[in-house]
Amino acid sequence: MNISIIVLMSFLSFNTLASVFVEKNSVDNIGVIHSVKFENDQSITVYLPDGYIENNYRYPVMYVVDGEKYFLHSIAYQKTLISESKTPPFIVVGINTKNIKRRELLGAKSAELIATFQNQIIPYIDKNYRTHDIRMYFGWEMGGGFALELFAKQPTLFDAYFLASSTNFTQERLDSVNNLLKSKAPTGEFFYYTLGSVESWSLDPHKALSEILTYATRKELNWEFKISASDDHYTTPFDTFNKGLSLYFHDYAPIRFYSLNEFEVFGGMPALKAHYKKRGEHYKISTDIHDETKHYLLNQAINENNFAFFKQYVMEFDGFIESFNYSSGFIVKVGRFYSRNNDLDAAISLYRSELLKHPSNVELQEEMIKLSKR
């Protein structure tokens, strides 16, 4: 059972801290959640991913407008896929709008909300939690239109934008984005936005944004616009989170090569090391080649009966087979591969190493007996 800490912070005004008090509750199967309350019932809710308390890592942050509706979407995404290394864990900050004048805040008072993001919410999150410099934004409906203004006025505040069924893509906001991109000023790096095909009222402004992004001079700005025949105004957020995040984190999952030729075409070991170095620096994690990638390469060499490649990368990944938590079945597979290629010393050494860890393993004992009779 995880412990959630709810921190309620009341403000004398929208920008002035008044008081703090702490209340502790228990939450099963979700994680640590903090709530920070502002005047006029405005509040943010903060999710800390599994393992946050036990380590010193720094995490990306996803800011979710209309958090009372969509806060759990990005939590479900990462809790489902973290164990498969498909996504990094990340902090989620829900910007709750339930009991405030939402349309006014995202429209006429948008400048005030932008200032609050820049001067209050983000500094608070960065000060009180272990964050690194990847910031993501999600907005639905008016939250999507607001995002264009946010992007144009504060182009480096967020790195990625995920927008669903957006409204209020006004000409002024579109022109501001267009002018920003033509200026070649530094900006965020990624846009993913969706629209249901039934939302005809928003189609033209979305196409206009696509034209702006298509002809943007900043070629490193990646984006995708998806029109869905199966979604409507209320279901597009599911795709926006799932497909959008998978595209944004496409370089995070361990690489798997399904043939040694595919690995060579990729660029071999120099390219692989360069990829993991860039990945590690971007996500603030290890720059080493992922263990799963090492396993895939070694296993593929066995499957293709390429002993020279196998031996080369056993040396490259020195000690990996012995230190990885392999089943005895895979160790036997490796040992028999050594034996078929007349490297009995390597097979015996591997079995001995495993038997030191698992002295009662009958399968390994039988393999050792077979080798002793050769």
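Taken together, the values in this text are just the output of simple stated rules run on the coordinates, not laboratory data. All figures in this text were calculated on a predicted structure; none of them were measured in a lab. Quick reminder, even Gly has a Cβ in these numbers, built from the backbone with ideal geometry, and neighbours come from all protein chains shown.
Here is how the numbers come out for the structure above:
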read-out: DSSP-defined beta bridges in the chain - what % are antiparallel, rounded to 5; value: 45
read-out: Net charge contributed by nearby residues that have their C-beta within less than 11 Å of TYR161 (K/R +1, D/E -1); value: -1
read-out: Cα-projected label distance for SER360 with THR156, points at 7 Å along beta-carbon direction, nm; value: 6.1
read-out: Computed [θ] at 222 nm, helices only, for the chain once each DSSP H run of length n ≥ 4 contributes -39500 (n - 2.57); value: -14000 deg cm²/dmol
read-out: Listed peptides 188-197, 149-158 by packing density, highest first (mean Cβ within 10 Å); value: 188-197, 149-158
read-out: Under Karplus coefficients 6.51, -1.76 and 1.60, residue-wise ³J(HN,Hα) of the range 137-142 in Hz, glycine/proline x; value: 10, 10, x, 10, 6, 5
read-out: Cα lying deepest toward the dipole's positive end in the chain, options PRO270, ILE100, GLY329, charges on Cβ; value: PRO270
read-out: Alpha-carbon gyration tensor eigenvalues x 5, square-rooted, for the range 217-325, Å; value: 35, 16, 14
read-out: Angle between the chain longest axis and helix 307-316 axis [Cα atoms, degrees, rounded to 10]; value: 60
read-out: Cβ-based net charge around TRP201, under 14 Å, with every Lys or Arg adding one and every Asp or Glu removing one; value: -3
read-out: Long pairs among LYS153/LYS184; LYS69/LYS101; LYS101/LYS207; LYS86/LYS243; LYS86/LYS311, criterion Cα-Cα beyond 21 Å; value: LYS101/LYS207; LYS86/LYS311
read-out: The chain: angle of helix 291-303 to the longest principal axis, Cα-based, in degrees nearest 10; value: 40
read-out: Whole-number percent relative contact order across the chain, with pairs defined as alpha carbons under 8 Å at least 6 apart; value: 10
read-out: Angle between the chain longest axis and helix 236-248 axis [Cα atoms, degrees, rounded to 10]; value: 50
read-out: The range 260-372 - Rg over Rh from alpha carbon coordinates, Kirkwood radius; value: 1.03
read-out: Neighbour net charge for LEU297 - beta-carbon separation under 13 angstrom, K R +1, D E -1; value: -2
read-out: Cα-based equivalent ellipsoid, the chain: semi-axes from gyration tensor eigenvalues, Å; value: 49, 26, 17
read-out: Amide H within-cut-off set for ILE134, under 5 Å, with H built and near neighbours excluded; value: VAL61
read-out: Burial order of peptide ranges 237-245, 104-112, 69-77 (average beta-carbon count within 10 Å, highest first); value: 237-245, 69-77, 104-112
